[in-house]
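What follows is a short report on a single structure.
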Amino acid sequence: MTAGSLQTGHANRMRSALPAMLACLAVGASGLLAAQTADDVERGKAVFDNYCIHCHGSGPHNSGATVMLEEKYAGAVPGSLEERTTLTPEFIREFVRGEIGMAAYRPTEIPDPDLQALTAYLMRNNP
Ligand code: HEC
């Protein structure tokens with residue numbers, strides 16, 4: 001179900017259908033969380049290693065974007081994306097799809113399921 005589908009239909013019917021929809025959303029959300037298993041994280045790491053690591057690598061030889069981000073945040077958060085604990089799906093998506101800053105990746109390069117796996121990987125340490 002998409003957010004758009006919530007906006008269709010008559011308002012009265014909407015009201016009576018709302019609890020069911022919310023229940024469905026809740027199940028959907030927990031299903032999504034359950035789907036973000038070790039598999040997703042592992043696949044996301046592969047996507048990261050393939051597409052991101054040459055600019056966002058970490059370790060003794062930090063690569064370009066890591067150095068830039070270290071300067072930008074001046075210690076407030078790690079320059080390395082892999083060490084962040086505050087990334088959100090929206091933020092990752094905005095950058096990967098090129099809505100801001102960095103070059104974009106087309107869905108033919110990084111399809112949405114891969115983006116989801118990548119997100120699971122980058123959010124694996126979030127509290
Ligand atoms: C060609 C180099 C390059 C590659 C490859 C690259 N990025 Fe970036 N990325 C950058 C640069 C440079 C910035 C900082 C630009 C800016 O702030 O506008 C950045 C910024 C970001 C940010 C914002 C970080 C912040 O806190 O401001 C995210 C998230 C991000 N990249 C994710 C990714 C992901 C995920 C991939 C792989 C799919 C990727 N990038 C691949 C160069 C790259």
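Taking each residue of the stretch 90-108 that is free of Cβ contacts under 8 Å to residues at least 60 places away in the same chain and looking for partners that are in a helix (DSSP H, G or I) and open to solvent by 50 Å² or more (accessible area, probe 1.4 Å) with beta-carbon atoms closer than 8 Å, six or more apart or interchain, yields GLU99/ARG93; ILE100/GLU94; GLY101/PHE95; MET102/PHE95; TYR105/TYR51. Of all residues in the stretch 42-69, none that is assigned by TED's automatic domain parsing to the domain that holds ARG124 has its Cβ atom under 6 Å from the Cβ atom of a residue that is surrounded by 16 or more Cβ atoms within 10 Å (Cβ to Cβ) and among the basic types (Lys, Arg), 6 or more apart or on another chain.
Across the stretch 40-79, which residue is most open to solvent (accessible area, probe 1.4 Å) among those that are under 15 Å from GLY101 (Cβ atoms) and part of a loop (DSSP other than H, G, I, E, B)? The selected residue is CYS52. Mind checking which residues of the stretch 80-113 are farther than 14 Å from ARG124 by Cβ, within 9 Å of the ligand (Cβ to nearest atom), aliphatic (A, V, I, L, M) and in a loop (DSSP other than H, G, I, E, B)? Hits for the stretch 80-113 are ILE100, MET102, ALA103, ILE110. Looking across the stretch 114-127 at every residue that is away from the ligand (no atom under 11 Å from the Cβ) and polar (S, T, N, Q), the one that is nearest to ASP39 (Cα to Cα) is identified as GLN116.
Filtered by the rule that a residue be more than 17 Å from ARG124 (Cβ to Cβ), near the ligand (Cβ under 10 Å from one of its atoms) and aliphatic (A, V, I, L, M), the stretch 48-75 gives ALA65, VAL67, MET68, LEU69. When the residues of the stretch 87-127 are filtered to those that are surrounded by 12 or more Cβ atoms within 10 Å (Cβ to Cβ) and either of a type in the set (Val, Ile, Thr) or not assigned by TED's automatic domain parsing to the domain that holds HIS61 (or both), the one that is farthest from VAL41 (Cα to Cα) is VAL96.
The values are calculated or read from the model by the stated rules, or taken from the named source; none is laboratory data. What you see is a predicted model; the values in this text were computed from it and never measured. No Cβ is skipped: glycine too gets one built from the backbone with ideal geometry, and neighbour counts run over all protein chains shown. Keep in mind that these areas ignore ligands, DNA and RNA; they rest on the heavy atoms of the full protein, side chains included. Shrake-Rupley method; radii C 1.70, N 1.55, O 1.52, S 1.80 Å.
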